[in-house]
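Everything on this sheet refers to the single structure shown next.
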Amino acid sequence: MSYAASFKSLDTYKLSREISFEIYNLSRSFPKEEKYSLTDQIRRSSRSVGAQIAECWGKRRYEKHFISKLTDADAEQYETQHWLEVAFECRYLDDVQFNKLLHKCEALGKMINNMIQKSNQFCKDDKIE
């Protein structure tokens, strides 16, 4: 019995998409001078988390590759946390927005690490279609 039929049904992937969508919407109000710096960076890192999760799904035939991609996803969520802190310090996010997204990123990191810890259950040959 597999955890999911597709990467799209993974709670980890769904949360990563939710976070990136919220960041996109909030970053639309960042100043224009941030367009090619903070806005671009925070959007790229937050979107990359979901992309790395999707990639890990495609590499689950090889457990080490699966873990490597999940490690990349976790690194991207940490980068997103960094950019959230920068946005907060620049007063582009208020306390509520910042804390909500930071807690979601932290929860996402825990979910990614749980997948890493259980990688052998995702990477069994009988689960790969």
Kindly indicate which of Glu85, Glu89, Glu63, Glu79 is within 10 Å of the chain's Cα centre (by Cα) and surrounded by fewer than 20 Cβ atoms within 10 Å (Cβ to Cβ).
Glu79
Sort out which residues of region 11-69 are under 22 Å from Lys110 (Cβ atoms), in a loop (DSSP other than H, G, I, E, B) and without any contact (Cβ under 8 Å) to a residue 24 or more places away in the chain, and write them in order of number.
Lys59
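Conditions (1) buried (at least 16 other Cβ atoms within 10 Å of the Cβ); (2) in contact with a Lys or Arg (Cβ under 7 Å, 6 or more places away or on another chain), marked per residue:
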{"residue": "Ser6", "(1), (2)": "no, no"}
{"residue": "Ser9", "(1), (2)": "no, no"}
{"residue": "Leu15", "(1), (2)": "yes, yes"}
{"residue": "Leu26", "(1), (2)": "yes, no"}
{"residue": "Ser29", "(1), (2)": "no, no"}
{"residue": "Arg43", "(1), (2)": "yes, no"}
{"residue": "Gln52", "(1), (2)": "yes, yes"}
Where Glu55 falls short, out of the listed (1) in contact with a Ser or Thr (Cβ under 9 Å, 6 or more places away or on another chain); (2) under 16 Å from Ala4 (Cα atoms); (3) of a type outside the set (Lys, Arg); (4) at pLDDT 95 or above
(1)
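State the number of residues belonging to region 17-70 that are among the β-branched types (Val, Ile, Thr), closer than 13 Å to Phe122 by Cα and touching a Cys at 6+ places or on another chain (Cβ under 9 Å).
Going residue by residue through region 17-70, those that are among the β-branched types (Val, Ile, Thr) are 19, 23, 39, 42, 49, 53, 67.
Now restrict to residues that are closer than 13 Å to Phe122 by Cα: 53, 67.
With the extra rule that they be touching a Cys at 6+ places or on another chain (Cβ under 9 Å), the set shrinks to 67.
The number of residues fulfilling the criteria is 1.
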For the structure I just gave you, tell me whether Thr12 is β-branched (Val, Ile, Thr) and farther than 16 Å from Glu76 by Cβ.
no
Pull up region 92-109, narrow it to residues that are in contact (Cβ under 8 Å) with a residue 12 or more places away in the chain and of a type in the set (A, V, I, L, M), then point me to the one that is surrounded by the most Cβ atoms within 10 Å (Cβ to Cβ).
Leu108
Might you check whether a residue that is under 15 Å from Ala4 (Cβ atoms), hydroxyl-bearing (Ser, Thr, Tyr) and in contact (Cβ under 8 Å) with a residue 24 or more places away in the chain occurs anywhere in region 110-124?
yes
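The values are calculated or read from the model by the stated rules, or taken from the named source; none is laboratory data. Remember, predicted model here, so these are calculated numbers, not experimental data. Counting neighbours? That spans all protein chains shown, and the Cβs are built from the backbone with ideal geometry, glycine included.
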